[in-house]
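Working notes, structure below.
All of the numbers you see were taken from the coordinates with simple rules; none came from a lab. These numbers were taken from a predicted model, which means no experiment stands behind them. Using ideal geometry, Cβ is built from the backbone for each residue, glycine included, and neighbour counts are taken over all protein chains shown.
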Amino acid sequence: MKLLHRGHIESAELIFDSRKEFENAKRRLEGKRFELTIERQRSHHSDSQRAYLFGVVYETLSKETEQPKGSIHKFFKLKFLPIEMEITNKNTGEIESVVIPGSTKRLTKDEMTGYIQNVILWIEEWGIHVPSPDEAVAA
């Protein structure tokens, strides 16, 4: 079980954004060992990047291919953000691996920019024009 709680540090004290959720998490782990990692919160991509990706980039391809935007999103996450997972059978040593799509949710602004650029280049290789953010606003 992985629990994520955000907050900040004041006078060497942890101040949680949602103290109640943190207290609930502690109760769920009562009597169990845990590992605590504290790291600086990354700045995630912007709402405008996400709006452009879904409202313009994916929408453009969706109209051309008649595929739903959700399916298009999964396709490109698998193509550009693949995660390989392996499970080993302890009895036989056999390893089974599968590739699953990664997530855009935690991409930084720069990472999201690169992801969007890769998606646009791929779409344009099919001869489909994707409006730039400026063209999309003007339309």
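Excluding LYS69 itself, what net charge comes from residues whose Cβ is under 14 Å from its Cβ, given Lys and Arg +1 and Asp and Glu -1? Numbers along the way, then the final one.
Values: positive: ARG50, LYS63, LYS74, LYS77; negative: GLU59, GLU64, GLU66.
So the environment of LYS69 carries a net charge of +1.
Could you size up the charge dipole of region 1-48 around its Cα centre, putting +1 on the beta carbon of Lys and Arg and -1 on that of Asp and Glu, and report it in debye to the nearest 20?
280 debye
Using the Cα centre of region 1-87 as the reference point, and only Cβ charges (+1 on K/R, -1 on D/E), how large is the resulting charge dipole? Debye, rounded to the nearest 20.
Numbers: 17 positive and 14 negative charges, 43 e Å.
The calculated dipole for region 1-87 is roughly 200 debye.
P(r) tail for the chain, what percent of Cα pairs lie past 21 Å? Can you show the working numbers first?
Details: 5841 of 9591 pairs.
Across the chain, Cα pairs with separations above 21 Å total 61 percent.
Please check the chain for the longest run free of chymotrypsin sites (Phe, Trp or Tyr not before Pro) that are loop-located per DSSP (anything but H, G, I, E, B) and have at most 14 other Cβ atoms within 10 Å.
On the way: sites that count: PHE34, TRP126.
The longest uninterrupted stretch comes out as 35-125.
How high is the relative contact order of the chain, in percent, with contacts defined as C-alpha pairs under 8 Å that are six or more residues apart? Please list the in-between numbers first.
Values: 112 pairs, mean separation 29.5, N = 139.
Reported as a whole number, the value is 21 percent.
With only alpha-carbon atoms counted, please give the Rg and Dmax of region 1-41, in Å.
Considering region 1-41 through its Cα atoms, Rg and Dmax are 10.8, 30 Å.
About its Cα centre, what dipole magnitude does region 47-138 give when the only charges are +1 on Lys and Arg Cβ and -1 on Asp and Glu Cβ, stated in debye to the nearest 20? Don't jump to the answer; show the numbers that get you there.
Values: 10 positive and 14 negative charges, 70 e Å.
Dipole about the Cα centre, nearest 20: 340 debye.
On C-alpha positions alone, give me the angle between the axis of helix 19-28 and the longest principal axis of the chain, in degrees, nearest 10.
For helix 19-28, the angle is close to 70 degrees.
Kindly provide the trypsin sites (Lys or Arg not before Pro) of region 72-139 that DSSP labels as loop, not H, G, I, E or B, and whose Cβ sees at most 14 other Cβ atoms within 10 Å.
Numbers: sites: LYS74, LYS77, LYS79, LYS90, LYS105, ARG106, LYS109; in loops: LYS90, LYS105, ARG106.
Of the trypsin sites (Lys or Arg not before Pro), the ones in loops of region 72-139 whose Cβ has at most 14 other Cβ atoms within 10 Å are LYS90, LYS105, ARG106.
Taking the Cα atoms only, what angle lies between the long axis of helix 109-125 and the longest principal axis of the chain, rounded to 10 degrees?
Helix 109-125 sits roughly 30 degrees off the main axis of the chain.
Kindly provide the trypsin sites (Lys or Arg not before Pro) of region 18-70 that DSSP labels as loop, not H, G, I, E or B, and whose Cβ sees at most 15 other Cβ atoms within 10 Å. All intermediate terms of the calculation are to be shown ahead of the outcome.
Values: sites: ARG19, LYS20, LYS26, ARG27, ARG28, LYS32, ARG33, ARG40, ARG42, ARG50, LYS63, LYS69; in loops: LYS32, ARG33, ARG40, ARG42.
Hits after loop and neighbour filter: LYS32, ARG33, ARG40, ARG42.
How do LEU36, LEU78, LEU53 line up, fewest other C-beta atoms within 10 Å first?
Values: LEU36 5, LEU78 14, LEU53 21.
In order of increasing Cβ crowding within 10 Å: LEU36, LEU78, LEU53.
Counting other Cβ atoms within 10 Å of each Cβ, which GluC sites (Glu not before Pro) in region 67-117 have at most 16 and sit in a DSSP loop? Kindly include the intermediate steps, with their values, before the conclusion.
Values: sites: GLU84, GLU86, GLU94, GLU96, GLU111; in loops: GLU94.
Loop-located and lightly packed - GLU94.
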